[in-house]
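Chemist: The structure follows.
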Amino acid sequence: MSIINEIRNYGIVPVIKIERVEDALPLAKALCEGGLPVAEVTYRTACAQEAIRIMSEAYPEMLVGAGTVLTCEQVDGAVAAGAKFIVSPGLNPKVVSYCVEKNIPIIPGTATPSDMERAIELGLKTVKFFPAEANGGIKSIKAMAAPYGSLEFMPTGGVTAANLNDYLSFPRIVACGGTWMIDAEAIKEGNFDKIRELTEIAVDKMLNLKLAHVGINCADETTALDVTNKVFAFSKETVKYGNSSNFVGGVEVMKSPYLGTHGHIAYSTNYIDRAVFHLTKRGFTFDESTAKYDAKGKLIAIYAKDEIGGFAFHLVQNKEIK
């Protein structure tokens, strides 16, 4: 998996400024336990390079990058310390060319069409949009992205839990860089549990997993009709009859046994690919043979391999997110 695709799957890149090198290890631990083993460590402090080294060595599974990189010398130092990608606030052709020549993933900052054209000329397909909110946010990205169909964006600067999904719902957004889960006071006080909790909340906000429907397995069509009628009598919700199942509100009545001993439970999510990625990190596995795709080849449903309490669990794409 490429670095950019891994960043895409995480969806959020915590942007961190480390003032004390001793904070690097517990901060990395909090991010990993919170579900975001990824970070952009900014070169705004003297201990940035050492922090990258500590985090990379202690958590080799963590995707650690260097941010606010301004020179080729900083690129060398960051990569030597373990950085897997480089992020810069602007587009410095010298630094970008240096990274491209050495096959080091770099995401330079852009804010104008001229910046974007320069990035394309240098062979890049992904750029940072910075500072995002100050430059018009997602509306500006959509307006400027139109002529540059090959370019994708990682907006950073002013992205918060409140506007995160406004950005991520646009398919050309790879991920968002953010600081809202990196509470400066919590770090200062050594309260890394708070960082972990804020990180968990950020992931939950992004994925937005919600119960979509419950499926009941029936032996045959006659039994399914009887169950459908009884569920309707109980709930008085709208009935929709189908070829393989009937829906009564949020209850799906299967006309023949399907996955799950008793049936299945479906959860909707804003971004099904990201949900699969994050849930896999939590220890779940998914059955590709159950995957369903839309006409554009986009994943819209997939089952987990293991039952929970006699029920199969599966994900469905939130239809409100295009």
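The values are calculated or read from the model by the stated rules, or taken from the named source; none is laboratory data. Everything numeric here is computed off the predicted structure, so don't read it as measured data. Neighbour counts are summed over all protein chains in view; Cβ atoms, including those assigned to glycine, are modelled from backbone coordinates with ideal geometry.
Chemist: For segment 89-143: of the residues being without any contact (Cβ under 8 Å) to a residue 12 or more places away in the chain and under 29 Å from Ala162 (Cβ atoms), which is surrounded by the most Cβ atoms within 10 Å (Cβ to Cβ)?
Modeler: So, considering only residues that are without any contact (Cβ under 8 Å) to a residue 12 or more places away in the chain and under 29 Å from Ala162 (Cβ atoms), the one surrounded by the most Cβ atoms within 10 Å (Cβ to Cβ) is Ser140.
Chemist: Please enumerate the residues belonging to segment 231-248 that are surrounded by 15 or more Cβ atoms within 10 Å (Cβ to Cβ), closer than 30 Å to Lys205 by Cα and not aliphatic (A, V, I, L, M).
Modeler: Answer for segment 231-248, where residues must be surrounded by 15 or more Cβ atoms within 10 Å (Cβ to Cβ), closer than 30 Å to Lys205 by Cα and not aliphatic (A, V, I, L, M): just Phe247.
Chemist: Collect the residues in segment 26-47 that are within 25 Å of Asn9 (Cβ to Cβ) and among the aliphatic types (A, V, I, L, M), keeping them in residue-number order.
Modeler: Correct list: Leu27, Ala28, Ala30, Leu31, Leu36, Val38, Ala39, Val41.
Chemist: Output the residues belonging to segment 8-30 that are touching a strand residue (DSSP E or B) at 6+ places or on another chain (Cβ under 6 Å) and either in a helix (DSSP H, G or I) or not assigned by TED's automatic domain parsing to the domain that holds Lys188 (or both).
Modeler: Tyr10
Chemist: Step by step: first the residues of segment 144-160, then only those that are in a loop (DSSP other than H, G, I, E, B) and polar (S, T, N, Q), then the one that is surrounded by the fewest Cβ atoms within 10 Å (Cβ to Cβ). Which residue is that?
Modeler: Within segment 144-160, the match that is surrounded by the fewest Cβ atoms within 10 Å (Cβ to Cβ) is Ser150.
Chemist: Return the residue satisfying two criteria in turn: it lies in segment 173-209 and is of a type in the set (D, E, K, R) and either in the same structural domain as Met254 (by TED's automatic domain parsing) or under 13 Å from the mean Cα position of the chain (by Cα) (or both), and of such residues it is farthest from Ala275 (Cα to Cα).
Modeler: Result: Glu200.
Chemist: Quick one: count up the residues across segment 69-119 that are closer than 20 Å to Gly136 by Cα and part of a loop (DSSP other than H, G, I, E, B).
Modeler: Total meeting the criteria: 7.
Chemist: Separate question: Hey, can you tell me all the residues within segment 169-213 that are aliphatic (A, V, I, L, M), out of contact with any Phe, Trp or Tyr (no Cβ under 8 Å at 6 or more places or on another chain) and surrounded by 18 or more Cβ atoms within 10 Å (Cβ to Cβ)?
Modeler: Met181, Ile182, Ile187, Ile195, Val203
Chemist: Which residues, counting only those in segment 50-68, are within 10 Å of Ala83 (Cβ to Cβ) and part of a helix (DSSP H, G or I)?
Modeler: Matches in segment 50-68: Ile52, Arg53, Met55, Ser56.
Chemist: On to the next question. Take Val41 and decide whether it is of a type outside the set (S, T, N, Q), more than 20 Å from the chain's Cα centre (by Cα) and either under 22 Å from Thr179 (Cβ atoms) or outside any loop (DSSP other than H, G, I, E, B) (or both).
Modeler: No.
Chemist: Additional query: Does segment 196-206 contain any residue that is within 17 Å of Lys128 (Cβ to Cβ), among the polar types (S, T, N, Q) and either touching a helix residue (DSSP H, G or I) at 6+ places or on another chain (Cβ under 8 Å) or touching a residue at least 24 places away in the same chain (Cβ under 8 Å) (or both)?
Modeler: No; the residues of segment 196-206 include none that is within 17 Å of Lys128 (Cβ to Cβ), among the polar types (S, T, N, Q) and either touching a helix residue (DSSP H, G or I) at 6+ places or on another chain (Cβ under 8 Å) or touching a residue at least 24 places away in the same chain (Cβ under 8 Å) (or both).
Chemist: Just one of (1) under 25 Å from Glu6 (Cβ atoms); (2) without any contact (Cβ under 8 Å) to a residue 40 or more places away in the chain; (3) touching a Gly at 6+ places or on another chain (Cβ under 9 Å) trips up Thr285, so point out which.
Modeler: Condition not satisfied by Thr285: (3).
Chemist: Quickly run through segment 214-258 and pick out the residues that are among the aromatic types (Phe, Trp, Tyr) and either in contact with a Phe, Trp or Tyr (Cβ under 7 Å, 6 or more places away or on another chain) or not in a helix (DSSP H, G or I) (or both).
Modeler: Listed by number, the residues that qualify are Tyr241, Phe247, Tyr258.
Chemist: Could you please let me know if Val15 is within 30 Å of Glu117 (Cα to Cα), buried (at least 19 other Cβ atoms within 10 Å of the Cβ) and within 16 Å of the chain's Cα centre (by Cα)?
Modeler: The answer is yes for Val15.
Chemist: Another question about this same structure. Kindly state which strands (runs of 3 or more DSSP E) lie completely within segment 262-322 and contain at least 1 residues that are among the acidic types (Asp, Glu), at pLDDT 95 or above and surrounded by 12 or more Cβ atoms within 10 Å (Cβ to Cβ).
Modeler: Because the criterion is at least 1 residues that are among the acidic types (Asp, Glu), at pLDDT 95 or above and surrounded by 12 or more Cβ atoms within 10 Å (Cβ to Cβ), the strands (runs of 3 or more DSSP E) in segment 262-322 that meet it are 286-293.
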